[in-house]
Amino acid sequence: WIGGNTILVQCGGIMNHGSEELRCLSLMAKLSREAAAAGGAVIMLFGNHEMMNAYGDFRFATGEEEFEETLGRDIDRSLNSTRWRLQYGEKNPVRFAAMESGGILAKPFLSKLKVAVKVGSTVCVHGGLDTKMLDRHGDIERLNRQAMEWIEQPR
């Protein structure tokens, strides 16, 4: 991290955009740790594709080989079976097990994402924020907390 005390806001859109999604997430996690050590920060936001992955909509998903190689075989070994995959049907079982609410990557990755963040006088959000959304869900902090609680909730 060469940004010193800079705050980097990544506005979503990592998922479903190439075959190295997990490598991108790993890089962002590394940058986040390095930034924090230098007095800076990396803040990642939910994009629509991150949210789609969280609720099992994989119509734009790519990189299944990466999920399989990185996570699938380890899950098979830890359970000494591949039968766990049956519960997900045709819905990309490894990706679903990783990204669903309460899933393998839900707490370490998805629960750290924000819906919106205010840095100085600038509000960052992936696809827009309107007063109706804030009226319905409260302020930005409450909106972020509700998203985190939903992601961490086991199904």
Subset tally (residues that are free of Cβ contacts under 8 Å to residues at least 60 places away in the same chain and either open to solvent by 70 Å² or more (accessible area, probe 1.4 Å) or farther than 24 Å from Val123 by Cβ (or both)) for segment 37-52
2
Six or more apart or on different chains, Cβ under 8 Å: which pairs go from a residue in segment 76-102 that's farther than 21 Å from His49 by Cβ to one that's small (Gly, Ala, Ser) and surrounded by 11 or more Cβ atoms within 10 Å (Cβ to Cβ)? Could you list them?
Trp84/Ala97
Within segment 103-148, how many residues are without any contact (Cβ under 8 Å) to a residue 60 or more places away in the chain and either β-branched (Val, Ile, Thr) or touching a His at 6+ places or on another chain (Cβ under 9 Å) (or both)?
7
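Residues are listed down the side, and each one gets a yes or a no for (1) among the β-branched types (Val, Ile, Thr); (2) within 19 Å of the chain's Cα centre (by Cα); (3) in a helix (DSSP H, G or I):
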{"residue": "Glu65", "(1), (2), (3)": "no, yes, yes"}
{"residue": "Gln87", "(1), (2), (3)": "no, no, yes"}
{"residue": "Arg95", "(1), (2), (3)": "no, yes, yes"}
{"residue": "Ala98", "(1), (2), (3)": "no, yes, yes"}
{"residue": "Gly102", "(1), (2), (3)": "no, yes, no"}
Residues satisfying the stated conditions in segment 1-28, i.e. open to solvent by 60 Å² or more (accessible area, probe 1.4 Å) and outside any helix (DSSP H, G or I)
Trp1, Ile2, Asn5, Thr6, Ile7, Leu8, His17, Ser19, Glu20
Please work out if Leu31 is open to solvent by 30 Å² or more (accessible area, probe 1.4 Å), touching a residue at least 24 places away in the same chain (Cβ under 8 Å), in a helix (DSSP H, G or I) and of a type in the set (A, V, I, L, M, F, W, C).
yes
Which of the residues spanning segment 115-148 are modelled with pLDDT of 90 or more, open to solvent by 80 Å² or more (accessible area, probe 1.4 Å) and either of a type in the set (A, V, I, L, M) or not in a loop (DSSP other than H, G, I, E, B) (or both)?
Lys118, Glu141, Arg142, Arg145
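The values are calculated or read from the model by the stated rules, or taken from the named source; none is laboratory data. All figures in this text were calculated on a predicted structure; none of them were measured in a lab. Here Cβ is always computed from backbone atoms with ideal geometry, including for glycine, and neighbour counts include all displayed protein chains. Please note that ligands, DNA and RNA were not included when accessible areas were found on the heavy atoms of the full protein model with its side chains. Shrake-Rupley method; radii C 1.70, N 1.55, O 1.52, S 1.80 Å.
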